[in-house]
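Structure first, then comments.
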Amino acid sequence: MSFSLNKSYKILLLLVIFIVIIGFWNPNALLDGLQRGSLYSLIALPLALVLGILGVLNLAHGEFLTVGLYFIFMLNTRFNLDPLVAIIPTVIFLLILGAIIYWLTIKRVVKEGHLSQLLLTFGISLILIETINIFWTSMARNVYTSYSYASMEIGSFRFGTYELLYILIAVLVLVGLQLFLKKTRLGQATFAVGQNPKGAKIVGINVNYVYLFVFSVAVAILGIVAGTMLPRTAIFPEVGSPFTLKSFALAAMAGMGNLNGILFAGVTLGIGEAVINSIPNYGGWSDIVFFGVLIIVIISRSYRGAR
Amino acid sequence: MRKNLIILLLIVIALTLPLYTGVYILHIFSSILIFLALSLSWDMMLRTGQLSFGTAGFFGLGAYASVLIVVNMGFNPILSLLIGAIFSGFIAFILGFIVLRLREIYFAITTLALTHVFSVIIRNFSDFTGGASGKILASAIFEGDPVKIYYLVLIVAGLAIIISEVFKRSRIHYAINAIRNDETTAKSSGIDVFKYLLFVFVSTSALQGLVGAVYAHQYAFVNPESTFSLNFLLLPIAMALVGGIYSTNGPIIGALLLGLISEYLKLIMPYGHLIVYGLIIVFVVLFLPRGIYSTIHNKLLKSNIIGGDKNANTASK
């Protein structure tokens, strides 16, 4: 994991310039993009954490988000719990679910090749989607809250306030993760395992425990995301699936293990998507932003690596 | 000897199936054979050590190419199947120069991203491709005659099996295995790694395109959602895994087994019958990493039940 500050400042500066230009040109797209971007990076953070420390690309990542969304939906319909309050039980539930799934399956493939890892997590994702299908069918569902469509006005510019929460939570989760990795003993152990599992083992760190912990925490973070997302999103069994690839796109763009970079990458791509989306008649092309950037980044890295 | 007899028996059953079964069974077997061909084509690429997630993408490209030239230009449907295959192969040839530089996780993810890019492009060129609602053919191929469609699909599946066997029995096999086991060594012993990868990538993509074209003509429609559905990626992978990768027999056994199981489950479980695929994949990855075919085959070899290999076994001792 690298946290080189100099590079971060340069990227930050470029990002600020980018945001200011977009802000003057199309403020609506800017705000939309910031919100999308922070949501994307919020979802990508745990994926990058697992990828950086376990070295496993979790293809079931988006499905864990779906499970979280449905769990909150259930709490909301059965016990009339507000989605934002329901985050707490959901995080606990996902923490346990993540630990169980790690213990039963992921643990056995951590040291194996990428093929078994990809296939295993892919199998898990299929199981999760289909389990939801069995319980809730493929019908789209909604949760209504009074605050989710609140809006604010500054001068003549009107915008929704609820989605600003995404930005706040993205920053909070990122700062929380960084503090945890740097300040706590467990965090430092995690850091050490991410850099060199063998060395970490030699100095007496229980690597397996760290893996278990990182995987469950990564899944649990999705519970926070799910609670924040639910008031504004219609849910169906495949709702989380597109996020897996998008999260990987961000992790690849930021560079493996660079957690700050994910927020920058997420915001940049989110704004890019929003800008294209706001062009009349060409809105459909916005889906190509992530995949196009992903392909370009991977290929340009491969060319640079060859030299 | 016994092996040849089994193969002969299977061929006879496959050829005479329409004589003693109804439309419903024929339909099931047609779709199983479609997935069988996809599964084999995925496995052929995997034999080079490259995990491709682009199966659904090339499947969709072939399907769209063949349907569009029939609808927009009035081509003969059968000819259009070939054009679907050629188009997929051609796109794979161009993209191959870029993506075949990548390895492992990056190759897998890039091919998956390409699948999405294809579907976004097709959805947005709506004048030509029909956009999000897709295109509908005037009628299915052969006016929807299930027997003729079954034979067409059987020919495609047979073609996949033959290509897979050719790959296994010719010089390509050695080159491919060498690349998978150690690319640097392969390169230093004079194998043109890129050339072989490109050859396999283009031929498997063309095969996927052909399968896609046949599938589209069987159901007489294409649309971005269902034609580029990830099912055409995931189910073939599950089948190959269950049967056993790096072989021709594995994907065949896997496709028949999973195809029949899921068809049965579909009847008793309208929602979520695909869960069996997930459970089987997880189970196979964890406990039978070599697949059912190889595991059983090895067990049989050990207990000397397969007669023909007995001598080979004792000779090696």
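The values are calculated or read from the model by the stated rules, or taken from the named source; none is laboratory data. Treat the numbers as computed from the prediction; the structure is a model and nothing was measured. We place every Cβ from the backbone using ideal geometry, glycine too, and count neighbours over all the protein chains shown.
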Inset, instruction - Could you tell me whether A:G62 is within 14 Å of chain B (Cβ to nearest Cβ), over 30 Å from B:M239 (Cα atoms) and either within 23 Å of the chain's Cα centre (by Cα) or modelled with pLDDT of 90 or more (or both)? - result: no
Inset, instruction - Please enumerate the residues belonging to the stretch A:29-55 that are among the polar types (S, T, N, Q) and under 13 Å from A:F264 (Cβ atoms). - result: A:S38, A:S41
Inset, instruction - Considering only residues that are of a type in the set (A, V, I, L, M, F, W, C) and over 11 Å from the mean Cα position of the chain (by Cα), look in the stretch B:39-57 and name the one that is nearest to A:S116 (Cα to Cα). - result: B:L51
Legend entry - Filter result for B:V147 (more than 8 Å from every other protein chain (Cβ to nearest Cβ), in contact (Cβ under 8 Å) with a residue 40 or more places away in the chain, surrounded by fewer than 17 Cβ atoms within 10 Å (Cβ to Cβ) and part of a helix (DSSP H, G or I)): yes
Legend entry - Filter pass, B:G96 being of a type in the set (G, A, S), in contact with a strand residue (DSSP E or B) (Cβ under 9 Å, 6 or more places away or on another chain) and within 19 Å of B:G60 (Cα to Cα): no
Inset, instruction - For residues that are hydrophobic (A, V, I, L, M, F, W, C) and touching a Phe, Trp or Tyr at 6+ places or on another chain (Cβ under 7 Å), scanning just the stretch B:84-110, find the one that is nearest to A:A249 (Cα to Cα). - result: B:I109
Inset, instruction - Report yes if some residue within the stretch A:193-215 is surrounded by 20 or more Cβ atoms within 10 Å (Cβ to Cβ) and within 16 Å of the chain's Cα centre (by Cα); otherwise report no. - result: yes
Inset, instruction - Filter the stretch B:253-262 down to the residues that are closer than 22 Å to B:I7 by Cα and small (G, A, S), then identify the one that is nearest to the other protein chains (Cβ to nearest Cβ). - result: B:G254
Legend entry - Residue within the stretch B:74-82 that is closer than 26 Å to A:M253 by Cβ, away from chain A (no Cβ under 14 Å) and among the aliphatic types (A, V, I, L, M) present: no
Legend entry - Of all residues making up the stretch A:228-249, the number that are surrounded by 21 or more Cβ atoms within 10 Å (Cβ to Cβ), closer than 18 Å to A:T77 by Cβ and within 13 Å of another protein chain (Cβ to nearest Cβ): 1
Inset, instruction - Would you be able to tell me the number of residues in the stretch B:240-252 that are within 12 Å of another protein chain (Cβ to nearest Cβ) and under 17 Å from A:G123 (Cα atoms)? - result: 4
Inset, instruction - Could you pull out the residue among B:E183, B:E104 that is modelled with pLDDT under 85, within 14 Å of chain A (Cβ to nearest Cβ) and in contact with a His (Cβ under 6 Å, 6 or more places away or on another chain)? - result: B:E104
Inset, instruction - May I ask you to verify whether B:I176 is over 30 Å from B:S80 (Cα atoms) and either of a type outside the set (G, A, S) or at pLDDT 85 or above (or both)? - result: yes
Legend entry - Scope the stretch B:126-148; condition under 30 Å from B:L17 (Cα atoms) and within 26 Å of the chain's Cα centre (by Cα); matching residues: B:I136, B:L137, B:S139, B:A140, B:I141, B:F142, B:E143, B:G144, B:D145, B:P146, B:V147, B:K148
Inset, instruction - Could you tell me whether B:S229 is within 17 Å of B:A37 (Cβ to Cβ), within 14 Å of chain A (Cβ to nearest Cβ) and over 12 Å from the mean Cα position of the chain (by Cα)? - result: yes
Legend entry - Failed item in (1) within 14 Å of chain A (Cβ to nearest Cβ); (2) at pLDDT below 85; (3) part of a helix (DSSP H, G or I), with B:V71 passing the rest: (1)
Inset, instruction - Output the residues belonging to the stretch B:140-167 that are out of contact with any helix residue (DSSP H, G or I) (no Cβ under 9 Å at 6 or more places or on another chain) and more than 17 Å from B:L38 (Cα to Cα). - result: B:E143, B:D145
Inset, instruction - With the checklist (1) of a type in the set (A, V, I, L, M, F, W, C); (2) out of contact with any helix residue (DSSP H, G or I) (no Cβ under 6 Å at 6 or more places or on another chain); (3) in contact (Cβ under 8 Å) with a residue 24 or more places away in the chain in hand, flag the one item B:I94 doesn't pass. - result: (3)
Inset, instruction - Output the residue which, of all residues in the stretch B:74-106 that are among the aromatic types (F, W, Y) and not in a loop (DSSP other than H, G, I, E, B), is nearest to B:L210 (Cα to Cα). - result: B:F87
Inset, instruction - Kindly provide the set of residues from the stretch A:68-83 that are surrounded by 16 or more Cβ atoms within 10 Å (Cβ to Cβ) and either away from chain B (no Cβ under 14 Å) or over 19 Å from the mean Cα position of the chain (by Cα) (or both), ordered by number. - result: A:G68, A:L69, A:F71, A:I72, A:F73, A:L75, A:N76, A:L81, A:D82, A:P83
Legend entry - Pair list, Cβ under 7 Å, 6 or more apart: the stretch B:121-138 residue farther than 18 Å from B:M73 by Cα and away from chain A (no Cβ under 14 Å), other residue surrounded by 14 or more Cβ atoms within 10 Å (Cβ to Cβ) and acidic (D, E): none
Legend entry - Among the residues listed as B:S80, B:S66, B:S31, the single one being farther than 22 Å from B:F167 by Cβ, surrounded by fewer than 20 Cβ atoms within 10 Å (Cβ to Cβ) and either touching a residue at least 24 places away in the same chain (Cβ under 8 Å) or in contact with a helix residue (DSSP H, G or I) (Cβ under 6 Å, 6 or more places away or on another chain) (or both): B:S31
Inset, instruction - Kindly indicate whether any position in the stretch B:263-276 is closer than 15 Å to B:F35 by Cα and either within 8 Å of chain A (Cβ to nearest Cβ) or surrounded by fewer than 22 Cβ atoms within 10 Å (Cβ to Cβ) (or both). - result: yes
Inset, instruction - State whether one or more residues within the stretch A:131-150 are modelled with pLDDT of 85 or more, farther than 30 Å from A:L81 by Cβ and within 9 Å of chain B (Cβ to nearest Cβ). - result: no
Inset, instruction - Could you list, in sequence order, all residues of the stretch A:103-130 that are away from chain B (no Cβ under 12 Å) and part of a helix (DSSP H, G or I)? - result: A:W103
Inset, instruction - Of all residues in the stretch A:151-166, count the ones that are part of a helix (DSSP H, G or I) and either at pLDDT 85 or above or touching a Lys or Arg at 6+ places or on another chain (Cβ under 9 Å) (or both). - result: 1
Legend entry - Selection status of A:I100, within 14 Å of chain B (Cβ to nearest Cβ), farther than 22 Å from A:P242 by Cα and at pLDDT 90 or above: yes
